[in-house]
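Structure record follows, encoded as C-alpha cells.
The values are calculated or read from the model by the stated rules, or taken from the named source; none is laboratory data. From a predicted model like this one, the values you see are computed outputs, not experimental measurements. Cβ: placed from backbone, ideal geometry, glycine included. Neighbour counts: every protein chain shown. When the accessible area is computed, the model is the full protein with side chains, heavy atoms only, and any ligands, DNA or RNA have been set aside. Shrake-Rupley method; radii C 1.70, N 1.55, O 1.52, S 1.80 Å.
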Amino acid sequence: MQPVENLRWWQRGVVYQIYPRSFKDTTGNGVGDLQGVIEKLDYLHDLGIDAIWLSPFYPSPMADFGYDVADYCDVDPLFGDLATFDRLVAEAHSRGLKIIIDWVPNHTSDQHPWFIESRSSRDNPKRDWYIWRDTPNNWGSFFGGPAWTYDAQTGQYYLHQFCKEQPELNWRNPEVKAAMLDTLRFWMKRGVDGFRMDVIGLLIKDKDLRDNPPNPNAPPNLPENDLFSRLLQVYNMYQDENHAVMREIRQVLDEYDDRCAIGELWGPLSEWVRYYGEHGDELHLPFNFRLMDGMTWNAQQMRAVVDSLEAALPDFAWPNYVLGNHDRTRLATRFGGEAQARVAAMLLLTLRGTPTIYYGEEIGMEDVPIPPDKIQDPQGINLGPERTRDVCRTPMQWDAGPNAGFSPAGVETWLPIAADYVTRNVAALSADPHSILTLYKRLLRLRRATPALYGGSYRPLDVEPDNVYVYLRKADAQRYLIALNFATEPRTLAIPGETGGRILLSTHLDREEAVSLDALSLRANEGVIIAL
C-alpha cells in the first residue's frame, strides 16, 4: 500500500459536488451561478473540504441542464463568463481548494456548431463526427424512447442515448478525438485541477452497431417507452476498445502537473475495476456508486460492498466512495432520515479512499416533492414523475430568510425550495453544536488531521450482534476503531483483541470518553470513532 506521506491531493482530500444551478443565485433570476460559488468559498473552506466538483456550466440550450454542450470552451451567460470562471479558480486556489469540472465527451448539444455542420449534408466534412445510420438498431434511450432520431434533411438517423437534443460523437474518428482532447487542455491551461468525465464507458460503441439482446430480468410494469431497460446493454457501452481511448485521455492529463481523472461508470465490479487501467494508466478514480445502487440501510450489506471492492482493487488502485449526487435520491431520504444520514456521514468520511459529498448533504437535505407542472428534468418528463431527478437538485438552504437565502426575495427559484428550510439551513445549523453540519465539520477536521483516516489501511472486524459495522484504520502507530450501529435499537459489542480506547467523536456529538471495548455500548443509530 502507498505510504501515507506520498498520497496525492485527490487521495488525501474530500471532494464536494456543486450543482451550479442550485447553489447560490447572485443575479436574481432564480438560477445559481459561478459568482454564487465564489461568494460561498469561505463557507466551503470552513467546512473542511479540499476540492470542488462543478456540474456543467458550458453554453447550452439546457435540454439536459448543461449536459447538452453547445461549446466546450466557454461559460453559459446564465452562469457568468470566462472571466468569472478564472476568478473562481484563483479564489479557490488561494484558499487551498482544487477545482474539478464536468467534461461531457460522449455527446454534444444538437446546437453545437459541429453537429449543425454534420447534419447539413451527407458529404459535409463533419458528417462522420457523429453516428448516422440509414436504419436504426434497437437501442433505447436512458430517457425513454428509441436512441435514434430521423433527420429529414439528410434522410438518416442519428444516435442519442439521452435526449434527442444530445447527438453522440463518433470517437472512432481521430479528428473528433483530437478536438475533444484539446478541450481538456483548454481548461487545464486555465488552472483546472481535474475532470469528472460523464458516462465515460459509452464513448466507443460496437463497430457494427449490433442490436442489444433482450433483458430477461427487466423489471415488470416498465413505462411503455422505457426501451432501454428492456435490453441488456451489450453493444452500446463498455467495449474493449474504450480502454485505449481512456489511456489517451490520461496521457493528456499527464501533460500537466498533478491533474485528476474521475469517470462516471456503472456495471459489474469486474468491468468497473478495469477502468483504472492494467498499469494504473487510465482513470485515477472510476466513480464508485456501490454504496448507493440498490442498497438498503443494513450494516452487513454495506460491509460486503466495501470488502468486495477492497478485494478487487489492484495494489496501485485507490478506492473512492459516494453516497449522493445529482442523479440519485438524497441519502437522508434513501436511508431513512437524519439519524441514518449522520451514521452515513461517518461511514463515508472514515472509509479508505476518496469521499465525495453532494451539496446539501452536510445539512441533511432531503428530497423535495416536485409538483408535476414544475418538473424540469427530461427523465421525469419522459418516464413519469416518479423518475424525475429534480427532487435532489433543489436550491441550497443558506438561511431562514426569503428563498432560503438562495435567491433574493420575490424571485421564483428554478425548482421549489424545501418546506423545512426555516430550520434546516446553514445559518441555523452552524449555531447548533449538535447539528449534522457541526458533525460534518468535526468529521472533516479529524479526518484531515489523522493520517490513519485519510490514508491508512482498512480492516473489518467480525462482531456480534448484527447490523453493526466495525473496522480498523491504521497508519504506522496510529490505530482508530470505527463502530457504526445501523440499528434502531442500542447495541453492546465486544471488540475482539482490543481492551480499551477513547471515543473522539460520536454522531450524536455528546460523547468523548474512555471506554472498555469488551462491552462497548452504542445507542440507536450511533457511530463512534475511537482512538486505540
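Some notes on this structure:
- Taking the conditions (1) surrounded by 22 or more Cβ atoms within 10 Å (Cβ to Cβ); (2) within 25 Å of the chain's Cα centre (by Cα); (3) within 24 Å of PHE186 (Cβ to Cβ) in turn, LEU97 satisfies each one other than (1).
Residue-wise test of (1) within 22 Å of the chain's Cα centre (by Cα); (2) touching a residue at least 40 places away in the same chain (Cβ under 8 Å); (3) closer than 25 Å to LEU437 by Cα.
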residue	(1), (2), (3)
VAL368	yes, yes, yes
ASN382	no, yes, no
ARG389	yes, yes, yes
ARG393	yes, yes, yes
MET396	yes, yes, yes
ALA400	no, no, yes
SER407	no, yes, yes
VAL411	no, yes, no
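- Within segment 41-129, helices (runs of 4 or more DSSP H) holding 3 or more residues that are among the charged types (D, E, K, R): 82-94
- Within segment 65-81, tally of residues that are touching a residue at least 40 places away in the same chain (Cβ under 8 Å), within 23 Å of SER407 (Cα to Cα) and open to solvent by 10 Å² or more (accessible area, probe 1.4 Å): 3
- Every pair of residues 6+ apart whose Cβ atoms lie under 8 Å, when the first sits in segment 137-162 and is at negative phi and modelled with pLDDT of 95 or more while the second is acidic (Asp, Glu) and open to solvent by 20 Å² or more (accessible area, probe 1.4 Å): ASN137/ASP211; ASN138/ASP211; TRP139/ASP211; GLN156/ASP134; TYR157/ASP134
- Test: residue in segment 185-200 that is assigned to a loop (DSSP other than H, G, I, E, B) and among the acidic types (Asp, Glu): yes
- Of the criteria (1) under 23 Å from the mean Cα position of the chain (by Cα); (2) among the aliphatic types (A, V, I, L, M); (3) on the phi > 0 side of the Ramachandran plot, which one ILE249 fails: (3)
- The number of residues in segment 118-133 that are in contact with a strand residue (DSSP E or B) (Cβ under 6 Å, 6 or more places away or on another chain) and open to solvent by 40 Å² or more (accessible area, probe 1.4 Å) comes to 2.
- Residue count for segment 41-77 satisfying the condition of being among the aromatic types (Phe, Trp, Tyr) and touching an Asp or Glu at 6+ places or on another chain (Cβ under 7 Å): 3.
- Residue within segment 18-40 that is more than 19 Å from PRO167 (Cβ to Cβ), part of a strand (DSSP E or B) and either open to solvent by 10 Å² or more (accessible area, probe 1.4 Å) or touching a residue at least 60 places away in the same chain (Cβ under 8 Å) (or both) present: yes
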